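In what follows, a structure is listed as structure tokens, so that the remarks can point back to it.
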Amino acid sequence: THDGAYGLPRYENDTYLRIDDNTPGNWWFISSLWLAQYCIETGDIDMAHTIIRWVQSHAGSTGILSEQVNPHTGESLSVAPLTWSHAEYVATLLDIVTEPEKS
């Protein structure tokens, strides 16, 4: 994670709508939620919950998720709402509620 946040860019040095050259790229909800899904698959449910809370904290006041987040201000960037961001959010929540307990 970057500066204690749980957002991830699509890939390192992504230049699409990039805010500045001092970050590896803007944070994308989709990439971040893919990490949460990986965490669920590998049993790191606490981290998955942390990422989900991060996503929720960066949603708009009506729950709208954009495409990207400014890594300096946390403000939404680009298209909002982005259906794919919402789809990955729902998919991640479904993964959490259907993941069997690890013993």
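The values are calculated or read from the model by the stated rules, or taken from the named source; none is laboratory data. Just so it is clear, the structure is predicted and the values come from calculations on it, not from any experiment. We place every Cβ from the backbone using ideal geometry, glycine too, and count neighbours over all the protein chains shown. The protein model used for the area step is the full one, side chains on, heavy atoms only, and it has no ligands, DNA or RNA in it. Shrake-Rupley method; radii C 1.70, N 1.55, O 1.52, S 1.80 Å.
Quick look at the numbers
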| quantity | calculated |
| --- | --- |
| Cα extents of the chain along the three principal axes, largest first (Å) | 45, 27, 18 |
| Candidates per chymotrypsin sites (Phe, Trp or Tyr not before Pro) in segment 5-63, loop by DSSP, up to 16 other Cβ within 10 Å | TYR11, TYR16 |
| Sequence-distant residues sharing a close amide H with LEU8 (under 5 Å, placed H) | TRP28, SER32 |
| Phi-based couplings in Hz for segment 42-54 (Karplus 6.51, -1.76, 1.60; Gly and Pro marked x) | 9, x, 8, 5, 4, 5, 4, 5, 5, 5, 4, 5, 4 |
| Largest to smallest accessible area among SER66, SER57, SER78 [probe 1.4 Å] | SER57, SER78, SER66 |
| Low-density loop cleavage sites - GluC sites (Glu not before Pro) in segment 59-103, where at most 16 other Cβ are within 10 Å (DSSP) | GLU75, GLU101 |
| Spin-label model distance (nm) - VAL90 vs ARG53, 7 Å beyond Cα toward Cβ | 2.6 nm |
| Highest-MSF residue in the chain out of ASN26, ASN13, ASN70 [GNM, Cα springs under 10 Å] | ASN13 |
| Estimated dipole of segment 24-103 in Debye, rounded to 20 [Cβ of Lys and Arg +1, of Asp and Glu -1, Cα centre] | 180 debye |
| Listed residues THR15, THR50, THR42, most fluctuating in the chain (Gaussian network, C-alpha, under 10 Å) | THR42 |
